[in-house]
1. Residue separation times 0.36 nm, minus the C-alpha to C-alpha distance between A307 and Y225: what's the value?
2. In terms of modelled amide H atoms, which long-range or inter-chain residues lie less than 5 Å from the amide H of V175?
3. Go through the range 253-258 residue by residue and turn each phi into a ³J(HN,Hα) via Karplus (6.51, -1.76, 1.60, θ = phi - 60°); whole Hz please, and just put x for glycine and proline.
4. State, as an integer percentage, the relative contact order of the chain based on alpha-carbon contacts under 8 Å between residues 6 or more apart.
5. I'd like the Karplus ³J(HN,Hα) series for the range 290-305: coefficients 6.51, -1.76, 1.60, θ = phi - 60°, whole numbers in Hz, and an x wherever there's a Gly or Pro.
6. Determine the equivalent ellipsoid of the chain by diagonalising the alpha-carbon gyration tensor, then write out the semi-axes as square roots of 5 times the eigenvalues, largest first, rounded to whole Å.
7. For each pair in K12/K257; K12/K57; K57/K257, compute the distance between the two Cα atoms and list the pairs where it is over 23 Å.
8. Name the shape class, rounded, prolate or oblate, that the alpha-carbon gyration tensor gives for the range 91-227, where a ≥ b ≥ c are the square roots of its eigenvalues, rounded holds for a/c under 1.5, and otherwise prolate holds if a/b is larger than b/c and oblate otherwise.
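Throughout, read-outs are computed from the coordinates displayed, never taken from laboratory work. What you see is a predicted model, and the numbers here were worked out from it, not measured in a lab. Here the Cβ positions follow ideal geometry from the backbone for every residue, glycine too, while neighbour counts run over all protein chains shown.
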Amino acid sequence: MEELIKVTNLVKEFPVRSGLFDRSRKGGDVVHAVDDVSFTIHRGEVLGLAGESGSGKSTTGRLLTRLMDPTSGTVMYGGKDLATIGRVEMRSLRPRLQMVFQDPNGSLSPRMTVGQAITHPLSIHGILDPAERRAAVLSLMEKVGLAPAEFLYRKYPHQISGGQCQRVVIARALVTNPEFLVADEPIAMADVSVRALVMELLKRLKDEMGMTYLFITHDLATAKYLCDRVAIMYLGRIVEIAPKKDLFSHPHHPYTKALLHAVPVPDPDRRRTEEVARGEIPSAIHPPAGCHFHPRCPRARPECSAARPPLRDVGAGHLSACLFDD
Ligand SMILES: Nc1ncnc2c1ncn2[C@@H]1O[C@H](COP(=O)(O)OP(=O)(O)OP(=O)(O)O)[C@@H](O)[C@H]1O
Ligand SMILES: [Mg+2]
């Protein structure tokens, strides 16, 4: 299968400002938001990216769509290095690389109607003429469950529900027919019925249009429904990446196991094994040495704090950054 996205040794650090006067201070503390991450996404594939809050998922999404430049490392898109693409070429690439942001309310302008918001990407990229745009937007709105479309087209974000806002954000990302979509927690703000609709919509995009996307979530159950492969992120690093089936049936990394144990179990007779990660997620400013997870890991050994464990193949493309096989 063709590689659409190839990420190599990607790093993103944010400087930490501790006061008003040290903005230009060199050598100050940094947040290691993305800490040397490599992976690929094949055309037509949905890769899930899961992990606790602050693990660097959204930052990874922003780097992949070039909404942010990396501190180092590369993102190749269809064989081209995103960092070397010039302004003009980036303008034509932009509609093909879209991102659904995590906070739907924050990403919609209160002064734009639903229709204007969804049409906006078409206008700025000069796609279709105005009459065609309106027809395309109305038809897309129906498809994503924003019905009656004519009625909702004229509404402002404060006049529609949170779940509808969520779908507006998704429609706006889809209107240019992107080739690659980063969906950042697209259902986090929605209620249960809207979640099911949005999940079904995303599944349809994958099955019918063969769309490629990175699906960011902290909910492993939704990743299980939608993704072909799943990557687990912890404090800026990918600690495990595997085909969905392998990851859920044979998780290798103790952090993945802890996350899976934290997923609610519907059977009241089945007791949860108390292997859930202990303690708070450590700071991304001063992460623990070696394996970032070792202070919370039930299996930690002295080697774990000595050096960063590499992602290694533990079977048929199943990669894990744990030194031990149980
Ligand atoms: N623009 C920024 N400036 C400074 N620090 C940032 C910025 N964006 C993110 N960070 C920091 O980088 C780390 C990773 O953040 P990120 O938003 O990528 O995490 P996340 O996995 O998406 O979390 P969540 O599940 O809460 O959305 C966090 O420690 C965060 O505080
Ligand atoms: Mg996020």
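1. Values: separation 82, 0.36 × 82 = 29.52 nm, distance 3.50 nm.
Using 0.36 nm per residue and subtracting the Cα-Cα distance, I get 26.0 nm.
2. For V175, no residues qualify.
3. Calculated HN-Hα couplings, in order: 6, x, 5, 4, 4, 5 Hz.
4. Details: 581 pairs, mean separation 65.8, N = 326.
20 percent.
5. Taking θ as phi minus 60°, the curve returns x, 6, 4, 8, 4, x, 9, 8, x, 10, 4, 10, x, 4, 5, 9 Hz for the range 290-305.
6. On the way: eigenvalues 246, 114, 75 Å².
Semi-axes (√(5λ), whole Å): 35, 24, 19.
7. Working: K12/K257 27 Å; K12/K57 11 Å; K57/K257 19 Å.
Too far apart for the 23 Å limit: K12/K257.
8. Values: a/c = 1.67, a/b = 1.24, b/c = 1.35.
Oblate shape, in that a/c is at least 1.5 and b/c is the bigger or equal ratio.
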